[in-house]
Amino acid sequence: MTLSFDPDLIACRPAHFIGGERIAATDGLDLKRPSDAVSFAACPIAGPDLVDRAVAAAQSALAASGWGRARPRERTNALHRWADLIERHAVELARLEAVASTRPIAELMAGDIPISAEQIRFFAEFADKEGGDLVPTGDDSLGLIASEPYGVVGAITPWNFPLSMAAWKLGPALAAGNAVVLKPSEMTPFATVRMAELSVEAGLPAGLINVVLGDGPVTGTAITGHPGIAKVSFTGSTGAGSAIMANVARTGVKPMTLELGGKSPQVVFADADLDRTIAAIARSILANAGQACVAGTRLIVEASVAEAVADGIAAAMRSVRPGPTWDAASGYSPIISERQIARIGSLVDATVARGATCRTGGARMDRPGYFFAPTLIEGVDAGSPAVTEEIFGPVLTVEPFRDEEEAYAMADHPTYGLAAGVFTRDLARAVRASRRLQAGTVWVNRYGRSRDHILPTGGFKSSGIGKDLGRDAYRANRREKSVLIGL
Ligand code: NAD
């Protein structure tokens, strides 16, 4: 069966999903398909009243079902059934996602969807294995550190990997015994709503997952400031993350996990296996056309091999196969929107205006939709916009270094610290680099996540607070209570 499909046959019906029911909405933000810029749907903007309704539905679902109190293995089993159903509906979910987003159908079927199901299973297995602690106290008492769910978690996700990001939030929150009010990005809500609906078909209590559609300023603000939301879990830009912190501070105090932006360096030493290094770096900047938080956007390369490495990456960049996300043969993603592609162009132009040059790319591709040519920029300095700003597009800068200390100084970004890569055959230097690089994740002689979901992901500096994935993400969805029993 070919995976290619006709996007005109896919109905993206805007609807919130509250208390196990779709609440249809007729108007809202006009959405265009990134692959051909054709309008295809509208995204409604939920106001505070709908958010109230979603929080109330979540609270009633918790109370009526006992989800957070029941035998933990029941949560595990229910989440496994949901993961099964996600896999069975992979084609339907992948089509909904491909039409609205930048994710190509072949990658959704091979990666995003099976991996999301796998991650839900990964978290499901914590439910009956992670607990509290029995601690040493005086002879006249018994001291426990009990662990319990928060209640209702408010989750907000971005558009770049919509289903995966929803799974990262929902998996640990639900396994830990919470209910969730989730707001997907206003640009890519449709597959997420369907995934939530499947949870009810799989037997999870209606109201455990509620999806409200809307933007950041109205709907997002109503969620993060809601008194019934006990914890916020957010993935998106650093600007939105700080707006959320301000809103939470204005409306009360609650714990937050913030997974934010990045400007990740890839440090290449002359002794690295250059062919493999070039392939890894090209993949990291071309995947999803650079619209990945951990995209390795700053190549910091030892001067003696800079020309060879830049040449290899430029060749890979020139060989991409752009195409619509619904064509299984497409090998290169569009940019999400007109606004975003214009922003990429202006940051590249501003960098060139300061004296840098594009070895390849530098402009929008001459084809329908929002495709930006993979771009390699040389002659930048520490103040170039392409070095300082998160561009969120297929733009890689090159900065040559002469010695190790200079490499670490260049790698250290004043704002971001999400991920970093180092390529070298020298084991001692690899270990040194992993200690020196200021990032929440350091990849050595590879770049990008594996399917080892036990490794947490999260940023240093303004790249975030707390972790997604790993044991940490499960624990972040539970709170500890000290119990001292007098004997
Ligand atoms: P964005 O910050 O514009 O929006 C993300 C989500 O937040 C959307 O659902 C949006 O509606 C909502 N939002 C915006 N302002 C808000 C506010 N004031 N209050 C509440 N909600 C608000 O980001 P985006 O453009 O959708 O996604 C790209 C960004 O996400 C990049 O900066 C990228 O690095 C980051 N990201 C980070 C990770 C990570 O794990 N660290 C993963 C993916 C994406």
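Derivation of every value follows stated rules applied to the coordinates shown; laboratory data play no part. Here the structure is a predicted model, which means the values were calculated and not measured. Positions of Cβ are generated from backbone atoms using ideal geometry, with glycine treated the same way; all protein chains shown enter the neighbour counts.
See the values below:
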quantity: Vicinal HN-Hα couplings computed from phi for the range 214-219 (Karplus, 6.51 cos²θ - 1.76 cosθ + 1.60; Hz; Gly/Pro x); calculated: x, 9, x, x, 8, 6
quantity: Packing-based exposure ordering (other Cβ within 10 Å, fewest first) of Met195, Met365; calculated: Met365, Met195
quantity: For Met109, net neighbour charge (Lys/Arg +1, Asp/Glu -1) across residues whose Cβ lies under 15 Å away; calculated: -4
quantity: Whole-Hz couplings from phi, Karplus 6.51/-1.76/1.60, listed for the range 276-288; x for Gly and Pro; calculated: 5, 5, 4, 4, 5, 5, 4, 4, 5, 8, 8, 4, 6
quantity: For the range 349-487, radius of gyration divided by Kirkwood radius, i.e. Rg to Rh on alpha-carbons; calculated: 1.11
quantity: Theoretical FRET efficiency, 1/(1+(r/R0)^6), r = Cβ-Cβ of Ala350 and Ile485, R0 51 Å, to 0.05; calculated: 0.20
quantity: Ile278, Ile209, Ile23 arranged by Cβ crowding within 10 Å, fewest neighbours leading; calculated: Ile23, Ile278, Ile209
quantity: Coarse-grained scattering of the range 257-342 at q = 0.11, 0.25 Å⁻¹, given as base-10 log I(q)/I(0) from a Debye sum over alpha-carbon atoms; calculated: -0.37, -1.24
quantity: Percent of C-alpha pairs per 10 Å bin, the chain, short to long; calculated: 4, 20, 29, 26, 15, 6, 1, 0
quantity: Kirkwood estimate for the range 265-461, i.e. one over the average of 1/r between Cα atoms, Å; calculated: 16.9
quantity: Pairs beyond 24 Å (Cα-Cα), from Lys32/Lys461; Lys183/Lys231; Lys263/Lys467; Lys231/Lys467; Lys183/Lys467; calculated: Lys32/Lys461
quantity: Sequence-distant residues sharing a close amide H with Gln266 (under 5 Å, placed H); calculated: Arg298, Leu299, Ile300, Gly421
quantity: Amide H contacts of Thr360 (H built 1.01 Å from N, under 5 Å, at least 5 apart or other chain); calculated: Leu376
quantity: Paramagnetic reach from Thr415 in the range 431-475 [backbone N under 12 Å; point 7 Å along Cα→Cβ]; calculated: 462-463
quantity: Backbone HN-Hα couplings from phi across the range 448-462 [Karplus 6.51/-1.76/1.60, Hz, Gly and Pro as x]; calculated: x, 6, 10, 8, 8, 5, 6, 7, x, 10, x, x, 8, 6, 7
quantity: 222 nm mean residue ellipticity, helices alone, for the chain (DSSP H n ≥ 4; -39,500 (n - 2.57); rounded to 500); calculated: -11000 deg cm²/dmol
quantity: Whole-Å distance, taken between Cα centres, linking the range 105-154 and the range 13-34; calculated: 31
quantity: Angstrom value of the Kirkwood radius, inverse mean 1/r, which spans all Cα pairs in the range 95-138; calculated: 13.4
